[in-house]
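Let me begin by presenting the structure, written as C-alpha cells, before commenting on it.
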Amino acid sequence: MEYNFREIEKKWQQWWRDHHTYRTTEDPSRPKFYVLDMFPYPSGAGLHVGHPLGYIASDIYARYKRLRGFNVLHPMGYDAYGLPAEQYAIQTGQHPEITTNENIARYRSQLDQIGFCYDWEREVRTCDPDYYKWTQWAFLKMYGSYYNTDIEKACPIEELVAHFEAHGTENCHAHGTEELRFTAQQWQEMTKVERENTLMNYRIAYRGRTMVNWCPKLGTVLANDEVSEGVSIRGGYPVEQKLMNQWCLRVSAYAPRLLRDLDQVQWSESIKETQRNWIGRSEGAEMTFQVARSDKSLLIFTTRADTIFGVTFMVLAPESDYVADVVTPDRQAAVDEYIDMVKHKTERERMIEKTVSGVFTGSYAINPITGNEIPIYISDYVLAGYGTGAIMAVPAHDSRDYAFARHFDLPIIPLIEGADVTEESFDAKEGIMMNSSNDLLQLNGLTVKEAIEHTKQFINSSGLGRVKVNYRLRDAIFSRQRYWGEPFPIYYDEDNQPQPLPEEQLPLLLPEVDAYLPTETGEPPLGRAKNWVTANGHPLELCTMPGFAGSSAYYLRYMDPHNDNALVSPEANQYWRQVDLYVGGTEHATGHLIYSRFWNKFLYDYGYVCEAEPFRKLVNQGMIQGRSNFVYRIKDTNRFVSLHLKDDYDVTPIHVDVNIVHNDVLDIEAFRQWRPEFKNAEFLLENGVYVCGNAIEKMSKSMFNVVNPDRIVERYGADTLRLYEMFLGPIEMAKPWDTNGIEGVNRFLKKLWNSFFNGDQLRLTDDQPGAEELKAVHKLIKKVTTDIESFSYNTAVAAFMICLNDLGKLKSVSRGVFEPIIILLAPFAPHIAEELWHTLGHTGSVCDATWPQWNEDYLVEATVRYAVMFRGRPRYNIDVPADTPADEVERIALAHEGAAKWLEGNTPKKVIVVPGKLVNVVI
RNA sequence: GCCCGGAUGGUGGAAUGGUAGACACGAGGGACUUAAAAUCCCUUGGCCAUAGCGGCUGUGUGGGUUCAAGUCCCACUCCGGGUACCA
C-alpha cells in the first residue's frame with residue numbers, strides 16, 4: 001500500500017472533527033498551557049505561505065505540550081475589521097461583512113487542510129457583535145477612568161471628581177494634572193459643560209483636540225504605528241498633520257509600566273529594544289525662560305541642562321501655543337506666512353526636504369543662568385507633540401541646532417574642551433566642561449556626566465525648573481472616519497457633549513448605510529445611517545474604532561468565548577491566566593504588542609484579569625520572502641534562452657509565474673498557455689530543459705512569486721508542508737520561500753511509510769528492541785524533546801531523518817521502538833502519525849498518547865571523547881572506549897603527545913570518569 | 001544618523017570554546033528498467049595527490065585571547081530589519 005496522503009489526511013481530519021479531539025475545557029486537575037497565534041486579517045488574497053510558518057510552529061508546540069500532559073488552549077480567530085474590505089466595498093458596493101465572511105470561509109478551509117489542532121468552538125471574530133460588545137465595554141470603562149500616578153493604576157473618574165470637589169488640583173495625582181491648575185472653589189463654580197471638558201483632560205479614553213496623522217486619500221486619521229516614512233502603511237498614501245477633535249486612549253500614562261514590565265516577559269531582546277525605543281524614556285529637566293520685557297515665559301524640556309551656558313537662541317514649534325505670546329507686531333506677517341507654509345507641507349515633504357527653515361518672532365528670552373538675551377525663533381524642526389514644544393538651542397552640541405545657527409548666522413559657543421565646532425556640532429556626552437561657570441553655577445572642569453547631574457540638582461534647588469522624565473510614546477488616536485469598525489458607545493447630548501451609553505445597551509450594532517463613503521458634508525460614513533440616534537433622539541458618534549481596538553484583548557476572549565456577562569469570567573481567567581506562548585511577526589512590535597499590553601494593564605488595574613502582562617513568551621517567525629523566477633527573452637524576438645546561455649545574447653529578464661517552474665526548470669507547455677503572447681514562443685534549451693533564473697524579492701502578485709499553501713498540500717500533502725516549513729531553517733530567521741527542497745521531506749515520509757508497511761500489515765517484530773534500535777530511538781527522543789523546547793524545529797526534523805537512516809540499516813524494527821517514534825512525529829506530521837498509531841492497534845487519538853522519556857544509558861557511545869581538564873578547564877581531547885577504567889584514562893592522557901606536553905611536571909592527583917561526559921583530571 | 005540582527009560549500013542550513021559543513025536540496029557516477037518515472041547505492045567545500053594511504057587550505061576582512069576560535073575580545077567591510085528633526 002502506498003503512502004496516500006490525500007486519503008489519510010482527509011480521513012483523520014474528519015475523524016478529529018467527529019471525535020472533538022481538539023475541544024478544550026477548563027480542568028483544574030491538569031496544568032494549563034496557552035499557545036496563541038496572532039490571528040490573521042482575512043484578506044482577499046487568501047492565506048499565503050508565510051502565514052502557516054508561525055501557525056505550524058505553534059501547532060507543534062501545542063501538540064507537544066498536550067502530549068506532555070498539559071491542558072492546552074490553542075484557539076484561532078479573525079481580525080475581521082479592516083481597510084481592504086471597506087475599500088472593496090467602496091468600489092463595488094458589496095457590504096464589507098459579505099466580503100469578510102467569504103474571506104474567512106476561504107481562510108478556514110485553507111487552515112483546515114493543514115491539520116491544525118485549533119479548538120474551533122472558541123473561534124472569535126472582531127466584527128461579531130457578541131465579540132465587539134466587549135470592545136465597546138472596555139472603551140466605556142476607559143472613558144469612566146483616570147490614571148492615578150501615585151498608585152500607578154486606573155481608577156474610577158468619580159474618585160477624581162470627589163477630589164476636585166474637595167481640593168481642586170491640589171495634591172492631585174492624576175495623569176494630565178500638571179498642565180491644569182484650579183481650586184476646589186473654581187471647580188464648584190464651573191458649569192456642567194466646563195466640568196466635563198475639564199474631565200476630558202484626565203479620562204483614559206478621552207476626546208481631545210490633538211495633532212493627528214490625517215490621510216486624505218483614505219479619508220481618515222491614523223495612529224503613529226499606522227504611518228511609516230510619511231505615508232500610510234495600508235495603501236502608501238501621503239499623510240499630513242492636522243489638528244482635530246478625536247477620541248484618544250491615554251496610553252502615555254502607562255509608559256513607565258509598559259517599559260518596566262518588559263523585564264517580566266520572555267521576548268527577544270530585539271523586540272524589547274524596539275518597544276523601549278518606541279516608549280522612548282528620556283530623563284531631563286524642564287526649565288522656564290522669561291521673555292524679555294514681558295510677563296510671559298517659556299517652559300522648555302532638555303536632556304542637556306549642562307549646556308545651559310551655550311544657549312544662544314530658543315526655538316518654538318510652529319503649532320506651539322507660545323507662538324501667540326511672543327510674536328511682535330512687526331513680525332506677525334512673516335510668522336503667519338511661515339506657519340502657513342509649514343501647514344501645507346505633508347509629513348512626507350517635511351521629512352524628505354529636511355532643509356533648515358524658520359522665522360524670527362521678534363522677541364527675546366533671558367537665559368536664567370547667564371542673564372543674556374537670546375532671540376526666539378519658530379521652526380518646524382521642533383515638534384509640538386514632544387516635550388513642551390519649545391527648546392533651548394545649544395548649537396555647539398546639537399547637530400540640529402547647529403544647522404539652524406549656521407543658516408541664521410547665530411553664535412555658537414563651545415562648552416567642551418577640545419571640541420572642534422567649526423565644521424559640525426559635538427553631540428557626544430563626553431569630555432570636560434568649559435565656558436560654563438559664573439556666580440550662580442560652576443561647571444568648568446567637570447565631566448559632562450557630572451555636569452548633567454550637578455545641573456539637575458541646581459535646577460531643582462534653585463526653583464528654575466524641575467527634573468522631568470519624558471516619554472516619546474504618545475496617546476493612541478482612537479477614531480477612524482470609516483464604516484467597517486466598532487461603533488463608539490457614545491452619544492452627544494443637548495450641549496453637544498459626548499456621553500457614554502449605558503452598559504446594558506451594548507452592543508451598539510453597526511448600522512446599515514447606503515454607501516461606504518463620507519457624506520456630502522464631509523462626515524464619516526456613519527453619517528449616512530438612518531436613525532443613528534439613541535432612544536431619546538440624541539445623535540450617536542459617527543466615527544468607528546481603529547483596527548487595534550478589536551485585536552487588543554482577543555486573547556482574553558478565547559478563554560471564555562461564549563460568556564454573555566463578562567469579557568472573561570474570573571474562573572476562566574484564573575485558570576488560563578495569560579498566553580504562555582505567543583507566535584507572530586515582528587511587524588506588530590510597536591502597534592498591537594503595545595496596545596495589547598496597555599489594554600491588559602488597564603483591565604488588570606480593575607482586577608478583570610489576573611496577570612499584568614498578556615504574553616509571557618513571544619516567538620517571532622521571520623518574514624517569508626518570495627523567490628522569483630525569470631525567463632530571458634532575446635530582445636525584440638519571441639525566443640527565450642536558458643539561464644546559462646543568456647550571456648551570449650542581449651536579453652530582457654521577465655518574471656515568470658513560479659507555479660509553472662519546478663526546481664528552476666520551466667514547464668514549457670504551461671508557459672505557452674500562461675500568456676497569449678507566449679503561445680508561439682521558441683526556446684533555446686540547455687541539456688534539453690529550460691532553466692530559469694531566480695532572485696529573492698518581496699512576495700507579491702506583481703512578481704508572480706506568491707506561493708499558496710493549497711498547491712503544496714495538493715501536490716505533497718499537509719504533513720509534507722508542515723515538515724518542510726519547519727525544515728527550512730530557524731523559525732525566527734527571515735528566509736526566502738523555496739520549494740526546491742520539499743522533495744526531501746516528502747521522500748522522508750514516503751520512506752517512513754514504505755519501511756514499515758508490507759501490504760496492509762505493519763512490518764514490525766514483537767521482539768525486545770536491540771541495543772542499536774534503542775540507541776537510535778533514545779537519541780531521537782532526546783533531540784526532538786530539547787529541540788522543540790528551544791524552537792529548533794529544523795534540527796528536530798533532521799533528527800527524524802537520521803533516525804530513519806539508522807533504523808534502515810537494521811534488519812527489523814520492533815514495535816517497542818516504533819511506537820515512541822510515532823508519538824514524537826505526531827506534533828510535526830499529525831495525519832501520518834495518527835494513521836500509523838491506529839494501525840498499531842490503538843483506538844484513541846495519538847494526541848492523547850504520552851510523550852516518551854529518553855534514557856541516557858542507551859546513549860553512551862562505543863567511543864567517548866574525553867577532554868582532559870586542567871584547573872577546571874578542558875585542555876586536550878582524547879578518544880577512548882566508553883568503558884575504559886579511570887586509571888587507564890589517566891595513563892592514556894599522560895601518554896598522549898599533546899597531553900603529555902602540558903602535563904609535564906604535573907602529576908594528576910585523580911582522574912574522574914563519567915560515562916558520556918568529560919573526564920576531569922584534577923591536578 | 002541611531003538601535004537591533006546577520007555573514008559558514010553550488011543552495012537552505014548544522015555545529016555546550018574541542019574532528020567545521022549534521023540533515024536536506026542540487027550536481028556527478030552507478031544499479032534496476034526496452035525506456036522513462038519511481039526507488040536504491042556511491043561521490044560531492046577548495047586545491048594537490050591517488051593503485052592505495054594521504055597532504056595543504058578553508059566559516060566576510062584585519063588583529064588579539066587560548067593548548068584549542070565559526071563560536072570569546074577589538075577594529076573594519078558588506079547585507080537585512082527597525083526607527084528618526086524626540087531636544
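The values are calculated or read from the model by the stated rules, or taken from the named source; none is laboratory data. Since this is a predicted model, take the numbers as computed values, not measurements. Reconstructed Cβ throughout: ideal geometry from the backbone, glycine too, with neighbour counts over all protein chains shown. Quick note on the areas: whole protein, heavy atoms, side chains included, nothing else; ligands and nucleic acids left out. Shrake-Rupley method; radii C 1.70, N 1.55, O 1.52, S 1.80 Å.
Summary table
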item	result
Gyration tensor (alpha-carbon) shape descriptor, the range A:767-839, a/c threshold 1.5	oblate
Net charge of neighbours whose Cβ lies under 14 Å from the Cβ of A:Pro709, counting Lys and Arg as +1 and Asp and Glu as -1	-2
For chain A, size of Cβ-based charge dipole, Lys and Arg +1, Asp and Glu -1, in debye	1780 debye
For the range A:209-333, with +1 on Lys and Arg beta carbons and -1 on Asp and Glu, the positive-most of A:Gln241, A:Ala333, A:Thr220 along the dipole	A:Thr220
Violating pairs (Cα-Cα greater than 31 angstrom) within the set A:Lys192/A:Lys217; A:Lys65/A:Lys735; A:Lys646/A:Lys751; A:Lys751/A:Lys775; A:Lys343/A:Lys601; A:Lys65/A:Lys272	A:Lys192/A:Lys217; A:Lys646/A:Lys751; A:Lys343/A:Lys601
Cut-off 11 Å between beta-carbons: net charge of the residues surrounding A:Ser145, Lys and Arg +1, Asp and Glu -1	+1
About the Cα centre, charge dipole magnitude for the range A:1-62 (Lys/Arg +1, Asp/Glu -1 at Cβ), debye	80 debye
Debye intensity ratio in log₁₀ form over the Cα atoms of chain A, taken at each q of 0.08, 0.10, 0.11 Å⁻¹	-0.98, -1.25, -1.34
Isotropically averaged projected area of the range A:439-540, using the convex hull of Cα atoms (one quarter of hull area), nm²	13.1 nm²
FRET efficiency estimate (nearest 0.05) - Cβ-Cβ, A:Ala105 to A:Arg234, R0 25 angstrom	0.60
The range A:1-89: radius of gyration over Cα atoms, expressed as a fraction of 2.2 N^0.38 Å	1.38
Gain upon complete extension [A:Phe182, A:Asn201; 0.36 nm per residue less C-alpha separation]	5.5 nm
13 Å cut-off, amide nitrogen to a point 7 angstrom out along A:His838 Cα→Cβ, residues in the range A:1-39	A:7-21
Mean Cβ count within 10 Å, highest first, over the residues of peptides A:432-444, A:181-193, A:838-850, A:43-55	A:43-55, A:432-444, A:838-850, A:181-193
Distance cut-off 24 Å, percentage of C-alpha pairs in the range A:543-695 lying past it	56 percent
GluC sites (Glu not before Pro) restricted to the range A:220-261 and DSSP loop, no more than 13 other C-beta within 10 Å	A:Glu229
Pair A:Thr25, A:Asp427: separation of 7 Å Cα→Cβ label points (nm)	6.2 nm
Hypothetical label at A:Val467: residues of the range A:290-334 whose amide nitrogen lies under 18 Å (7 Å Cα-Cβ projection)	A:301-308
Rg(Cα) / (2.2 N^0.38 Å) computed for the range A:401-491, rounded to two decimals	1.80
Overall dimensions of the range A:99-146 by Cα: Rg and Dmax, Å	15.3, 48
Surface share of carbon and sulfur [accessible, 1.4 angstrom probe, percent] for chain A	48 percent
Over chain A: helical MRE at 222 nm, DSSP H runs n ≥ 4 each giving -39500 (n - 2.57), nearest 500	-10000 deg cm²/dmol
Calculated FRET value between A:Ser268 and A:Ala734, using beta carbons and R₀ = 22 Å, to 0.05	0.95
Mean Cβ count within 10 Å, highest first, over the residues of peptides A:670-683, A:409-422	A:409-422, A:670-683
Dipole of chain A, positive direction: furthest Cα of A:Gly607, A:Asn438, A:Gln185, with charges on the beta-carbon	A:Gly607
Relative contact order (%) - chain A, alpha-carbon pairs under 8 angstrom, separation at least six	13 percent
Cα gyration tensor shape for the range A:278-398, rounded if a/c is under 1.5, else prolate or oblate	oblate
Length released on extending from A:Asn438 to A:Lys192, taking residue separation times 0.36 nm less the Cα-Cα span	83.3 nm
Cβ-defined net charge surrounding A:Trp854, 11 Å radius [Lys, Arg +1; Asp, Glu -1]	+2
D (Stokes-Einstein, µm²/s), Kirkwood Cα radius, the range A:192-279, 1.002 mPa s at 20 °C	140 µm²/s
Paramagnetic label zone (point 7 Å from Cα along Cα-to-C-beta, A:Asn245; backbone N under 14 Å) in the range A:468-498	A:491-498
Heavy-atom surface of chain A, accessible at 1.4 Å and reported per residue (Å²)	45 Å²
Dimensionless Rg over Rh [the range A:41-182; C-alpha; Kirkwood]	1.18
